[in-house]
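Okay, so here's the structure we're looking at.
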Amino acid sequence: MKFIRTGNLLAVLFILFGSVTVAFAQERELSFLIGRLKTGDKGISVPQTISTAFDGAVSYEITYGRRFVDGQLVNLYGELLIAGAPSTKIRATNIVLPNSYSSLFFTPGLKLKLFPKGGLSPFIAAGLGMGRYSGDAQTSTGQPVQGDTANTTWAFSYGGGVDLNIVNNFAIRGEVRDFITGKPKFTSPFFDKSQHNVNIAIGVVFKF
């Protein structure tokens, strides 16, 4: 009887964990995406309340992913993600600000992908790292910027998307991520203590 119970327990454990395989050094992903990065409008801390607007900017994103849990329905990946926008235009009135700025984000993290062997594979992802902002040398009024407007700060990203699996080693990806960071250090301080940078992107994924 004891032997039968032990056999039943082993059978249950096999059913529960048999569909999940720890697969180090197997499937990897390399994605190249292009998109649109949008930052919300802000207020500036000056004697009078002034609102600033940030135009949408062309963004680029490269992600390297390594699968370390391989399941029938769910895969878990580690990710190294680099994203940024070379130039974001700043629009403001009666205030001295850089004419534009560049942004760069590095947020390694985790990605959970559903139905990895299906035609469509939705996923969610999150990461924690750092961001870098660098202001233009000229202000919005055409004057030279006084002081250093570049700074490095913390960054947290989260979002999701879907892969359209064309063949075994190639997919089309669409995704939305929000890069939340500390505020940039421009010539005038912003009210907000953090900045949201929403990136909508599409591109290709190579699997190997």
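The values are calculated or read from the model by the stated rules, or taken from the named source; none is laboratory data. Every value quoted in this text rests on a predicted model; they were computed, and no experiment measured them. Reconstructed Cβ throughout: ideal geometry from the backbone, glycine too, with neighbour counts over all protein chains shown.
Inside region 21-38, can you point out the residues that are at pLDDT below 85 and surrounded by 13 or more Cβ atoms within 10 Å (Cβ to Cβ)?
Selection gives Ala23 alone.
Select from region 127-164 the residues that are of a type in the set (A, V, I, L, M) and either surrounded by fewer than 17 Cβ atoms within 10 Å (Cβ to Cβ) or in contact with a Pro (Cβ under 9 Å, 6 or more places away or on another chain) (or both) and list them in ascending order.
First, pick out the residues of region 127-164 that are of a type in the set (A, V, I, L, M): 128, 130, 137, 145, 150, 155, 162, 164.
Hits for region 127-164 are Leu128, Met130, Ala137, Val145, Ala150, Val162, Leu164.
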Quiz item: How many of the residues in region 100-125 are in a strand (DSSP E or B) and among the β-branched types (Val, Ile, Thr)?
Solution: 1
Practice problem: For residues that are basic (Lys, Arg) and under 9 Å from the mean Cα position of the chain (by Cα), tally how many sit in region 167-181. | Solution: 1
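Hey, can you tell me all the residues within region 59-76 that are of a type in the set (Gly, Ala, Ser) and under 14 Å from Gly109 (Cα atoms)? Step through it out loud before you land on a result.
Applying the first criterion (of a type in the set (Gly, Ala, Ser)) to region 59-76 yields 59, 65, 71.
Gly65, the sole residue that qualifies.
Please find, among Ile200, Ile172, the residue that is among the β-branched types (Val, Ile, Thr) and touching a residue at least 60 places away in the same chain (Cβ under 8 Å). Write out each step before concluding.
On the way: Ile172 fails: touching a residue at least 60 places away in the same chain (Cβ under 8 Å).
Only one candidate qualifies: Ile200.
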